[in-house]
1. Anything losing 20 Å² or more of accessible area from the isolated chain to the full protein assembly: pick those residues out of the stretch B:72-110, probe 1.4 Å, ligands and DNA/RNA ignored.
2. Set the bar at 24 Å for Cα to Cα. Now go through A:Lys95/B:Lys93; B:Lys67/B:Lys93; A:Lys79/B:Lys36 and name every pair that lies beyond it.
3. Using a 10 Å cut-off around each Cβ of peptide B:26-35, what is the average number of partner chain Cβ atoms that fall inside?
4. Let me check I've understood the local charge: for B:Asp54, count other residues with C-beta under 14 angstrom from its C-beta, Lys and Arg +1, Asp and Glu -1. What total comes out?
5. In whole percent, how big is the carbon plus sulfur part of the accessible area of the protein assembly as shown, probe 1.4 Å, protein atoms only?
6. Filter the trypsin sites (Lys or Arg not before Pro) in the stretch A:32-96 to those in DSSP coil with at most 15 other Cβ atoms within 10 Å of their Cβ, and list the result.
7. May I ask you to list the GluC sites (Glu not before Pro) in the stretch B:5-110 that are in a DSSP loop and have at most 14 other Cβ atoms within 10 Å of their Cβ?
8. Other chains near B:39-45: what is the mean number of their Cβ atoms within 10 Å of each residue's Cβ?
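The values are calculated or read from the model by the stated rules, or taken from the named source; none is laboratory data. This one's a predicted model, so the numbers in the text were calculated from it and none came from an experiment. Backbone-built Cβ (ideal geometry, glycine too); neighbour counts: all protein chains shown. SASA here: full protein model, heavy atoms, side chains in, ligands and nucleic acids out. Shrake-Rupley method; radii C 1.70, N 1.55, O 1.52, S 1.80 Å.
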Amino acid sequence: SQTIHQWPATLVQPVGSPLSLECTVEGTSNPNLYWYRQAAGRGLQLLFYSVGIGQISSEVPQNLSASRPQDRQFILSSKKLLLSDSGFYLCAWSKYTRGANTEAFFGQGTRLTVV
Amino acid sequence: GEDVEQSLFLSVREGDSSVINCTYTDSSSTYLYWYKQEPGAGLQLLTYIFSNMDMKQDQRLTVLLNKKDKHLSLRIADTQTGDSAIYFCAESKGTGKLIFGQGTTLQVKP
């Protein structure tokens, strides 16, 4: 069976510090990978989307970057955090097959507070 | 644009039916989804509907799709306090990318 792991669960970081959130998927190959952010009281905003190793699509301009060094590993990074980067970050994967159901499976999320 | 719109809040009494509405913009979306998020947790898939269907029923859940108006709804029969959560609708783009709405917070009063 497939599983998705995301860590850490909570993180408190000072403004200006770097960030690295990691997500790994097990039990599947060549998944689509996603990073979403959920700000307090708001919906899910798609940040990054990857269809393969080294292939990253950025959905919104921001202070964050993403990398996919391995097939089932997706990393969200920042060189210098801003207060506005606070939020709940969710990693997800899906298996795209043309014309078929593409449901996404989510990790448990990382609560990031920038102070 | 890639907008999925939902009402932000719904309050019902335990035992009543809840209806959560969603509108989407991309007529080429092949699948539409409903996800549930409990406090502090990730999202869990509740149900989905293929775009050539009008209705799908799964126990207490009924999904209605009006493709002409690009309107999707989720009806929860006999709503329970355990149904209190945020509900997200999502549409699947042709490349497999999922676009989510803002989420509807469902409050169930005893």
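1. So the qualifying set is B:Phe88, B:Gly94, B:Thr95, B:Gly96, B:Lys97, B:Leu98, B:Phe100, B:Gln102.
2. In this structure, A:Lys79/B:Lys36 exceed 24 Å between Cα atoms.
3. Per residue, the number of nearby Cβ atoms from other chains is 2 on average.
4. Taking every other residue near B:Asp54 into account, the sum is +4.
5. That fraction is 50 percent.
6. In loop regions of the stretch A:32-96 (DSSP not H, G, I, E or B), the sparsely surrounded trypsin sites (Lys or Arg not before Pro) are A:Arg42, A:Lys79, A:Lys80.
7. Those satisfying the criteria are B:Glu14.
8. Numbers: counts 0, 6, 6, 13, 11, 2, 5.
Whole-number average of other-chain Cβ neighbours for B:39-45 is 6.
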